[in-house]
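Values quoted throughout were computed directly from the atomic coordinates according to the rules given, and no laboratory measurement underlies them. The model shown is predicted, which means the values in this text are computed figures rather than measured ones. In this analysis, Cβ positions are derived from the backbone assuming ideal geometry, glycine residues included, and neighbour counts consider all displayed protein chains.
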Amino acid sequence: MKNGDRKIFDKGEPVRPRDADFTVLMLGQRRTGKSSVLSSMITSMEKICGDTGFRFTADDDTKILMKTKLSQLQNIFHAFKEEDLFSTMEGFRGDVDFGVQTDADITYRFLLEQVNTKKKAKTFVIDFIDVRGESMTEDFSSACGPSVNDLIMRSGVLMIAVDAPALMEGRIKDGVGEYHKSVNLPDDIINHITAADIQMRQNLKKKQTLLPRLVLFVPLKCEKYYFENRMEELNRRIMAGYKNLITFFEANREYTVAITPILTLGDVVFDHYQTRTVKGPGGMEREVAVTFGDSGPRSMRTVPRYPMFRFRTSRPKFTPRYCEQPLLYTLAYVSSLSGLVKEKSGGMVRTVVIWAAVFFFFGGLGLIGGKGLEYLLKALNSNPELQNAVDEVIGRLKTDGDGYQLVYDNLGLGKEQRT
């Protein structure tokens, strides 16, 4: 049973778990650090929410997952405290565990609820799905779950994990590092997104429009470039490395696009890829990265086997930064949808018929986001206290500086539009 397919028992019989009201999908190759980021979000969010009257928490199963992953991240500082250089690719050192690659889709479930209210508070469920890296090179539906395209069609927010060293290091060709295509899989990602977009548009009925979507490019392992003041260069590399995908988003105004880098560890920085000596024509020797072949039906790729890291200071600490931003962007997105629905319907959304005709589409998977998103947006439109609490929290949204950039702000998420 995959995480996310949890069983709840009532009088000895399994009860179907509650569907998510809203889904966020994280796309990317294995070993890019997707699960590390998702595991770091909630602690930062709890600090930000404070006494706003609104709470964003993880459910019990997710708390266990996140606690385990956070412990693994912190173990890196213990396992390599005496080392000048180290690699975390093996996932363990002696009896110290600091994580292995994700072998299945993992669902992180978060609960959005209003607190300190006289009325009975409603709880809304938001799922963050960390897609198994190998499935990015597959174009068929797994017997164990939906395909990547299916997940894209049912998700309002897409997070694209970007391995920053692969984008920045090595020989530069066409504006990107030599391992960008094999590690970050930009061609596979655009194939999945465009195929899902075509299918969604084919499913539209008369007078229906496509759901506005939010896409976040999330550079990971970018501490080196952050502390070297090279984040603008990193952004340029993203624009070059995902040029075709960004051009697609530009041509389709349903997509709001942002670059949102995250420092997962803080004091751990990339140093180099471990190399080996090879002889070229004429016996000339040169150093090349130690690589290994990726798995999957199209396995003619090679990726660096040992990215080498070092601690930034003599007394390093686990100091992640900006891990809350994906959640803040998600809240800002949902808040913007509530305002758009209210504007398009001339007030409160009154019926499912108006809802479907004005805003959403029906497809093979049913109404995207499910009924729950409809109720969530209605709650935001009908409950000023909840909307004010959400607005107060998303006031911490970062839209520029330190590598943050709103590439296409079709929903008006920028602070100047929201104030």
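So the values come out like this:
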{"quantity": "Trypsin sites (Lys or Arg not before Pro) within segment 210-267: DSSP coil, no more than 15 neighbouring Cβ in 10 Å", "calculated": "Arg253"}
{"quantity": "Overall dimensions of segment 207-254 as given by Cα atoms, namely Rg and Dmax in Å", "calculated": "14.5, 51"}
{"quantity": "By average C-beta atoms within 10 angstrom, highest first, the peptides 58-71, 162-175", "calculated": "162-175, 58-71"}
{"quantity": "Spin-label pair Lys63/His78, simplified geometry with 7 Å Cα→Cβ offset, distance in nm", "calculated": "2.2"}
